[in-house]
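Reading through the structure tokens given below for one structure.
The values are calculated or read from the model by the stated rules, or taken from the named source; none is laboratory data. Everything numeric in this text was worked out from a predicted model, so none of it was measured. When we count neighbours, we look across all protein chains shown, and the Cβ atoms used for this are built from the backbone with ideal geometry, even at glycine. The area values use the complete protein model at the heavy-atom level, side chains included, leaving out ligands, DNA and RNA. Shrake-Rupley method; radii C 1.70, N 1.55, O 1.52, S 1.80 Å.
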Amino acid sequence: MKALKERILRDGKCFEGGILKVDNFINHQMDPILMKSMAVEFVRRFAGTSINKVMTIEASGIAPAIMVGYLLELPVVFAKKKVPSTMENMLSTKVYSFTKDRTYDVCVSRDYLCPGDKVLFIDDFLANGNAAKGIIDLVRQADAELVGMGFLIEKDFQHGGEYLRNQGIHVESLAIIESLDNCHITFKK
Ligand code: 5GP
């Protein structure tokens, strides 16, 4: 998506270890106009897919997911990284975060991820695919169906996208980064 790629080139910052910081428009300060355009693009790319629920993982997936849910007029559920003491009927899985180098317990209530749900997962980044694998596990535990996964930014060199596509999952990424070597941003053609 042209507008996102241009914004990444303008405001994105590279860090050691293949990390891209997009705090200026996605992860800290947020640009709602761009966020809306990205959600419109997801709706276009997943048109024809039967979806009844949008799912994401806290915190940074919530903003794009709610925009998609708003446009599709569907509920949005986010998997929580802290297990609330009051949560009943909980499903949980473990997710390793390479940006924070720690493993989280991620959970969602069975009240909101139900058998037969047709789930579209939305997140900000796809890197190694660990968050996505956690969501796949939660969806499986719930006897729901994963109908697609949409990411604002995919880092191709971390191969999460390759893994998910090889599983037959419909993956859409709005900007695919081929390399961040020498802190230079190169997009996949
Ligand atoms: P994965 O689980 O696919 O390895 O990584 C995806 C998760 O890690 C995303 O939910 C995102 O929050 C975080 N993440 C991965 N790579 C980056 C990055 O380059 N920049 C930022 N800001 N977050 C990232």
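When you check G129 against the structure, is it small (G, A, S), at pLDDT 95 or above and more than 22 Å from I176 (Cβ to Cβ), yes or no? In short, no. Entry remark, the stretch 90-143: residues being under 21 Å from I169 (Cα atoms), more than 16 Å from the ligand (Cβ to nearest atom), open to solvent by 50 Å² or more (accessible area, probe 1.4 Å) and assigned to a strand (DSSP E or B) number 1 in total.
Go through the stretch 1-12 and give me each residue that's open to solvent by 90 Å² or more (accessible area, probe 1.4 Å) and either near the ligand (Cβ under 9 Å from one of its atoms) or among the charged types (D, E, K, R) (or both). Walk me through it before giving the result.
Applying the first criterion (open to solvent by 90 Å² or more (accessible area, probe 1.4 Å)) to the stretch 1-12 yields 2, 6, 9-10.
Those that are open to solvent by 90 Å² or more (accessible area, probe 1.4 Å) and either near the ligand (Cβ under 9 Å from one of its atoms) or among the charged types (D, E, K, R) (or both): K2, E6, R10.
A quick yes/no check of all residues on (1) touching a Leu at 6+ places or on another chain (Cβ under 9 Å); (2) surrounded by 19 or more Cβ atoms within 10 Å (Cβ to Cβ); (3) over 17 Å from S173 (Cα atoms):
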residue: G18; (1), (2), (3): yes, no, yes
residue: D31; (1), (2), (3): no, no, yes
residue: S37; (1), (2), (3): yes, no, no
residue: I62; (1), (2), (3): no, no, no
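Taking the criterion of being of a type outside the set (S, T, N, Q), part of a loop (DSSP other than H, G, I, E, B), within 14 Å of the ligand (Cβ to nearest atom) and under 29 Å from L72 (Cα atoms), the residues of the stretch 13-50 that qualify are V22, H28, M30. Candidates in the stretch 147-189 are the residues that are charged (D, E, K, R), over 18 Å from R44 (Cβ atoms) and within 17 Å of the chain's Cα centre (by Cα); of these, the one that is nearest to the ligand (Cβ to nearest atom) is K155.
Condition (residue is open to solvent by 50 Å² or more (accessible area, probe 1.4 Å), among the β-branched types (V, I, T) and in a helix (DSSP H, G or I)) applied to the stretch 66-80: is it met by at least one residue? Yes, the stretch 66-80 has at least one match.
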